[in-house]
Amino acid sequence: MPDIVLSIKDLEKMYVGGVHAVKGVSFDVHEGESVAIIGSSGSGKSTVLRCINRLIEPTAGVIELRGEQINTPHADVNDIRSRIGMVFQSFELFAHLRVLENITLGLIHVRGMSKEEADIVAMEVLERVDLLDRVNAYPGNLSGGQKQRVAIARALAMKPEVILFDEPTSALDPELVGSVLNTIRGLADEGMTMVIVTHEINFARDVADRVVYLDEGLVAEEGPSSIINEPKSERMQRFLSSMNEEN
Ligand code: ADP
Ligand code: MG
């Protein structure tokens, strides 16, 4: 069995105001593995990813990166975020910076690279997402699919040990979804370790090694991605048929 990169143990999140969004979630992500998290809106998927990336503090539980707990007060958040990449539904690019600078910013300020070194890395990752021709564009002049591929390139540039994707195609026009899914599929094929929250059930079944089905803040079902074809619980069956109706 490959090494465990991420280990989530009994994760809980109670938001201020009392919403118990995550009620005790545990799962591991092994080296080179793609784990898809699926579940209805409001089931806690984004909350789990935000806790892993230290965007919010869990109320309870342990998050380990290569065996070391990262949800502790003295953990270095910049270091964690450079080791755990994150790609958001809404891209989160800097509108006033060109594509190249969106990617080099973290390399220069977090990784301490010179501008020249950072530019070389940026060109490498832009080639991987097939956007070498847009290095000097501003995000406002890119399609949604191109913006998301820039966001993926920015995450890759930091050479993360794992990348978290939070519904990376949900904000895209239907005709642009494929290019982003193909980019993510390519990363999976290259052995990138990933956690992908997605409503693209066919993509999850084809690309993910394992699926975690969240329901009301708990893991209701988990297994190889083939469980999508034969869900055991009635909840997951109902969730999957509601997704089929949408598609
Ligand atoms: P999902 O990503 O599966 O749609 P979320 O993790 O975004 O679910 O949300 C889980 C629950 O937590 C929902 O009931 C949501 O309304 C609530 N929630 C999310 N973010 C906050 C917040 N910042 N403050 C209070 N409640 C929140
Ligand atoms: Mg969400």
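The values are calculated or read from the model by the stated rules, or taken from the named source; none is laboratory data. None of the values given here were measured: they were computed from a predicted structure. In this analysis, Cβ positions are derived from the backbone assuming ideal geometry, glycine residues included, and neighbour counts consider all displayed protein chains. With ligands, DNA and RNA removed, areas are computed over all heavy atoms of the protein, side chains included. Shrake-Rupley method; radii C 1.70, N 1.55, O 1.52, S 1.80 Å.
Does SER90 meet the test of being under 17 Å from the mean Cα position of the chain (by Cα), open to solvent by 20 Å² or more (accessible area, probe 1.4 Å) and of a type in the set (Gly, Ala, Ser)? Before the answer, list the steps.
Values: under 17 Å from the mean Cα position of the chain (by Cα): yes; open to solvent by 20 Å² or more (accessible area, probe 1.4 Å): yes; of a type in the set (Gly, Ala, Ser): yes.
Here the answer is yes, as SER90 does meet what is asked.
If GLN148 meets every condition in (1) out of contact with any Pro (no Cβ under 8 Å at 6 or more places or on another chain); (2) within 14 Å of GLU92 (Cα to Cα) apart from one, which number is that one?
(1)
Looking at ASP119, ASP133, can you tell me which residue is loosely packed, with under 13 Cβ neighbours inside 10 Å and modelled with pLDDT of 95 or more?
Working: ASP119 fails: loosely packed, with under 13 Cβ neighbours inside 10 Å.
Checking each option against the conditions leaves just ASP133.
Mind listing whichever residues of the stretch 66-101 are touching a helix residue (DSSP H, G or I) at 6+ places or on another chain (Cβ under 6 Å), in contact (Cβ under 8 Å) with a residue 40 or more places away in the chain and within 23 Å of SER46 (Cβ to Cβ)?
The answer is GLY85, VAL87, PHE91, LEU93, PHE94, ALA95.
Somewhere in the stretch 229-246, is a residue of a type outside the set (S, T, N, Q) and within 25 Å of THR104 (Cα to Cα)?
Of the residues in the stretch 229-246, the ones of a type outside the set (S, T, N, Q) are 230-232, 234-236, 238-240, 243, 245-246.
With within 25 Å of THR104 (Cα to Cα) added as a condition, the list becomes none.
No, every residue in the stretch 229-246 fails to be of a type outside the set (S, T, N, Q) and within 25 Å of THR104 (Cα to Cα).
Residues VAL35, VAL48, VAL5: which one is open to solvent by less than 30 Å² (accessible area, probe 1.4 Å), more than 16 Å from ligand 1 (Cβ to nearest atom), among the β-branched types (Val, Ile, Thr) and in contact (Cβ under 8 Å) with a residue 60 or more places away in the chain? Even if it seems obvious, please write down each step before you answer.
Details: VAL35 fails: more than 16 Å from ligand 1 (Cβ to nearest atom); VAL48 fails: more than 16 Å from ligand 1 (Cβ to nearest atom).
Selected residue: VAL5, the only one of VAL35, VAL48, VAL5 that is open to solvent by less than 30 Å² (accessible area, probe 1.4 Å), more than 16 Å from ligand 1 (Cβ to nearest atom), among the β-branched types (Val, Ile, Thr) and in contact (Cβ under 8 Å) with a residue 60 or more places away in the chain.
From GLY61, GLY17, which residue is free of Cβ contacts under 8 Å to residues at least 60 places away in the same chain, more than 18 Å from GLU161 (Cα to Cα), loosely packed, with under 14 Cβ neighbours inside 10 Å and more than 16 Å from ligand 2 (Cβ to nearest atom)?
Values: GLY61 fails: loosely packed, with under 14 Cβ neighbours inside 10 Å.
From the options GLY61, GLY17, the qualifying one is GLY17.
I'd like the residue in the stretch 102-114 that is in contact (Cβ under 8 Å) with a residue 40 or more places away in the chain and farther than 22 Å from ARG134 by Cα and, out of all such residues, is surrounded by the most Cβ atoms within 10 Å (Cβ to Cβ).
ARG111
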